[in-house]
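Chemist: Here it is: the structure, laid out below.
The values are calculated or read from the model by the stated rules, or taken from the named source; none is laboratory data. Everything quoted here is computed from the prediction, not taken from an experiment. So basically every Cβ, Gly included, is an ideal-geometry build from the backbone, and we count neighbours across all protein chains shown.
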Ligand code: ITT
């Protein structure tokens, strides 16, 4: 059957499509179906992910997969966190959002290394109201000035642990980094998809 990818963010959509293809799932996006973009009124990644997945499943009458994600900076008490998209302003300009993080770190008197992690909570919702959630995280540090042109959002300032390159200096393939032996992928999104795939496979075996 068909699955709706419940996002209106084109960078995220490209990654979710790529990851679903990796698992052999064909999907259509919320934007392609003209579904509304619900207001994210939750106070956690899980709540906002659930809001988006439920809204899309109900509107489309199909199973829907939502991703709520963000960058949590230790010296900023976890900000921007669930406000990661909103820090980019109405124009969704991540140059602006990145400057805002740099300024906040200066104001807080924070010293490098600026520890940070990305979080991704995937929620699979069915039209009958059943839901399942999966989380992935990747830990690392922020690098200023921003470097790289690949991928999206905060990728030009995030270096995952054990790497000196930022996510924006990696191909999409390397950022997801799901090894053929099934060991953990690199990005928060790849890791959440592995949890999702693991649960689906074990459910089929039941
Ligand atoms: P949807 O709700 O329609 O999916 P959104 O952009 O509003 O799109 P979120 O509320 O989940 O999505 O915001 C997450 C923000 O965090 C997103 O806009 C990115 O800027 C940032 N982000 C999430 N994953 C990222 C990644 O892999 N690399 C860089 N930035 C990321």
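Chemist: Among (1) at pLDDT 95 or above; (2) within 22 Å of residue 151 (Cβ to Cβ), where does residue 47 come up short?
Modeler: That leaves (2) as the condition not met.
Chemist: In addition: Select from segment 163-191 the residues that are more than 17 Å from residue 15 (Cα to Cα) and either modelled with pLDDT of 95 or more or assigned to a helix (DSSP H, G or I) (or both) and list them in ascending order.
Modeler: 163, 164, 165
Chemist: Would you please name the residue that is farthest from the chain's Cα centre (by Cα), looking only at residues in segment 108-152 that are farther than 28 Å from residue 55 by Cα and part of a strand (DSSP E or B)?
Modeler: Out of the qualifying residues, it is 114.
Chemist: In segment 153-162, how many residues are more than 27 Å from residue 91 (Cβ to Cβ), within 11 Å of the ligand (Cβ to nearest atom) and part of a loop (DSSP other than H, G, I, E, B)?
Modeler: Looking only at that region, the number is 0.
Chemist: Scan segment 152-167 for residues that are surrounded by fewer than 20 Cβ atoms within 10 Å (Cβ to Cβ), at negative phi and out of contact with any strand residue (DSSP E or B) (no Cβ under 8 Å at 6 or more places or on another chain) and jot them down.
Modeler: Selection gives 152, 164.
Chemist: Among residues belonging to segment 163-184 that are farther than 22 Å from residue 113 by Cβ and within 11 Å of the ligand (Cβ to nearest atom), point out the one that is nearest to the chain's Cα centre (by Cα).
Modeler: Here the residue is 176.
Chemist: Would you please name the residue that is farthest from the chain's Cα centre (by Cα), looking only at residues in segment 1-19 that are under 16 Å from residue 192 (Cα atoms) and assigned to a loop (DSSP other than H, G, I, E, B)?
Modeler: 6
Chemist: Here's another thing I want to ask about it. Does segment 104-114 include one or more residues that are modelled with pLDDT of 95 or more, closer than 19 Å to residue 168 by Cβ, within 14 Å of the ligand (Cβ to nearest atom) and surrounded by fewer than 19 Cβ atoms within 10 Å (Cβ to Cβ)?
Modeler: No; the residues of segment 104-114 include none that is modelled with pLDDT of 95 or more, closer than 19 Å to residue 168 by Cβ, within 14 Å of the ligand (Cβ to nearest atom) and surrounded by fewer than 19 Cβ atoms within 10 Å (Cβ to Cβ).
Chemist: Can you pull out the residues in segment 48-76 that are over 15 Å from the mean Cα position of the chain (by Cα) and within 15 Å of residue 31 (Cβ to Cβ)?
Modeler: If the condition is that a residue be over 15 Å from the mean Cα position of the chain (by Cα) and within 15 Å of residue 31 (Cβ to Cβ), then 55, 56, 59, 60, 62, 64 are the ones that fit.
Chemist: State yes or no: is residue 85 within 11 Å of the ligand (Cβ to nearest atom), farther than 24 Å from residue 143 by Cα and touching a residue at least 24 places away in the same chain (Cβ under 8 Å)?
Modeler: So residue 85 fails the test.
Chemist: Any idea how many residues of segment 20-67 are near the ligand (Cβ under 9 Å from one of its atoms), within 18 Å of residue 130 (Cα to Cα) and not in a helix (DSSP H, G or I)?
Modeler: Here the count works out to 2.
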